[in-house]
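There's a structure below that I have some questions on.
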Amino acid sequence: GSFLVENVEPGTSLVVKETRAKSGYLMDDTPQVAKIKAGQTVTLEFRNKKLGNLVIHKLSSADKSPIEGAQFRITYADGKVVDAEGGQLSSNGLYTSNKEGQIVLSNVTGTIICTEVSSAPGFAIDPETRTQTVVVNPGDDTQSLYFYNTPLCSLTLSKVDSVTGKPVPNTQ
């Protein structure tokens with residue numbers, strides 16, 4: 001996009017700053033100065049870099065299969081929540097892994113902190129890797145984080161008669 005400002009008095013200096021960038025691009029908020037000279041057109045150029053991507057992979061530590069339904073709180077280093085797609089993909093920075101065991105965030109950049117807040121039923125959160133930090137750079141940068149959960153075990157005890165092999169009713 002471009003725009004033209006006409007009828008500015010020669011000798012005038014204009015300080016121009018970008019205040020909004022196209023969705024998916026990092027705003028260039030460095031002010032630039034245009035010194036107006038008679039009979040000349042001054043051109044200023046603001047360069048916007050495309051934002052990056054983050055893919056979170058939620059997997060079973062036993063067989064590396066995807067885990068659906070794990071919930072993560074995703075924030076920037078300054079504590080602000082990552083509300084991708086204008087808040088359409090999350091609620092206050094909370095995201096849930098899909099059936100492929102993934103959360104895919106596009107158009108993000110900066111230092112991002114991902115904390116698993118709840119695992120899918122039947123799995124335990126690994127406290128050593130519960131929170132991970134990654135830097136997503138502007139441009140064609142795609143970063144990936146991997147979170148592994150341990151499947152929970154279950155144990156069933158049954159009382160049986162040693163002679164008949166039939167279940168013994170619980171007397172307690």
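The values are calculated or read from the model by the stated rules, or taken from the named source; none is laboratory data. Since the model is a prediction, treat every value here as computed from it, not as a measurement. Reconstructed Cβ throughout: ideal geometry from the backbone, glycine too, with neighbour counts over all protein chains shown. Each accessible area value is taken on the protein alone, full model and side chains, heavy atoms only, with ligands, DNA and RNA left out. Shrake-Rupley method; radii C 1.70, N 1.55, O 1.52, S 1.80 Å.
Using all C-alpha to C-alpha distances in the chain, build P(r) with 5 Å bins and read off the rounded percent in each one.
With 5 Å bins starting at 0, P(r) equals 1, 7, 13, 13, 11, 8, 7, 7, 7, 6, 5, 4, 3, 2, 1, 1, 1, 1, 1, 1, 0, 0, 0.
Apply the Debye scattering formula to region 29-78, with a single equal point scatterer on each alpha-carbon and no solvent, then give log10 I(q)/I(0) at q = 0.13, 0.28, 0.29, 0.32 Å⁻¹.
Values, matching the q order: -0.63, -1.16, -1.18, -1.24.
Here's something else I'd like to know. Over region 2-133, with the other protein chains present, what is the accessible area per residue in square angstrom, probe 1.4 angstrom?
With the other protein chains kept in place, region 2-133 gives 63 Å² per residue.
Carbon and sulfur atoms: what percent of the 1.4 Å accessible area of the chain do they account for?
Of all accessible area on the chain, carbon and sulfur atoms account for 50 percent.
Let's test the formula: R0 of 45 Å, r as the Cβ-Cβ distance of residue 71 and residue 48. What FRET efficiency results, to the nearest 0.05?
My answer for the efficiency is 0.85.
Sticking with this structure for a sec: Assuming 0.36 nm per residue, please report the length gained on full extension of the stretch residue 25 to residue 80 beyond their Cα-Cα distance.
The span from residue 25 to residue 80 would gain 18.0 nm if fully extended.
Please give the contour-minus-distance gain from residue 144 to residue 13: 0.36 nm per residue of separation, less the Cα-Cα distance, rounded to one decimal in nm.
42.6 nm
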